[in-house]
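Visitor: Have a look at this one.
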Amino acid sequence: MKHEILYKGAFPMLRVQLDPGENIKAESGAMVSMSPNIELKGTMDGGIMKGLGRMLSGEKFFFQELTSSRGTGEVLLAPAVIGDIEAVELDGSYKLYVQKDGFLAGTSGIQVDTKMQNLAAGFMSGEGFFIVEISGRGTVFLSSYGAIHAINLAPGQEVLIDNGHLVAWPDYTPYTIERAASRGWISSLTSGEGVVCRFRGEGVVLVQTRNPKSFGGWIRQLLPGRG
């Protein structure tokens, strides 16, 4: 399957060329356009329970499945938010954890599931108790709010990341969730940073340059009737 990411930056679009019989699954509503020979259908991909699990992690219940039925076809896909698209190749040796709204599309060998965080992590992070778990062999296309930046951690190297900026990380890179400031919760809150994720390498952690919650707070300040 050939693919190309167009207009990388704030308004990207994914162009996929499907040979006869090839298919790709994408988040519901991602299709922009498709050739007449492409068949589009909704699928739960794994049944009701996996669909419900994806909803708990913030993803959609259904996927779009696009299949080229006669000859070669082209599909254009785009995420719902302003941001970037990144292609990640999975070889089946590890799983990729993705924050909610981060999955855009995946080739036929990709499975999308959910993983439950421990109760403390889910409560402290503010992102819920479930995250998206992607496995299998193939290409997964991730979307972000803002540009995507890769942090490459050497063995034993640590980094603290604001959880609102996380996009994806491999399952073999351990992390803990802790308060941002070392002197207590009051200091963390007054600094504007409540909790962070401490990752310890090795591994590649993908982050986004913008925080959707921070942007939402900025928008609310501009709404009529505030203050």
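Since every read-out is calculated from the coordinates, none of them should be taken as a lab result. From a predicted model like this one, the values you see are computed outputs, not experimental measurements.
Visitor: Is the shape of region 140-181 best called rounded, prolate or oblate, per the rule: a/c under 1.5 gives rounded, else a/b larger than b/c gives prolate, else oblate, with a ≥ b ≥ c the square roots of the Cα gyration tensor eigenvalues?
Guide: Oblate, because a/c is 1.5 or more while a/b does not exceed b/c.
Visitor: If the reach is capped at under 17 angstrom between alpha carbons, list the aspartates and glutamates near Lys115, excluding any in the same chain fewer than eight residues apart.
Guide: Asp45, Glu59, Asp101, Glu127, Glu133, Asp171
Visitor: Further question: Could you tell me which of the pairs Lys25/Lys95; Lys95/Lys213; Lys2/Lys25; Lys8/Lys100 are separated by over 23 angstrom between their Cα atoms in the structure shown? Provide the component values of the computation, followed by the final result.
Guide: Numbers: Lys25/Lys95 18 Å; Lys95/Lys213 27 Å; Lys2/Lys25 15 Å; Lys8/Lys100 21 Å.
Table pairs above 23 Å Cα-Cα are Lys95/Lys213.
Visitor: Report the gain in length on full extension from Asn152 to Ser214: 0.36 nm times residue separation, minus Cα-Cα distance, nm rounded to one decimal.
Guide: Computed gain between Asn152 and Ser214 is 19.8 nm.
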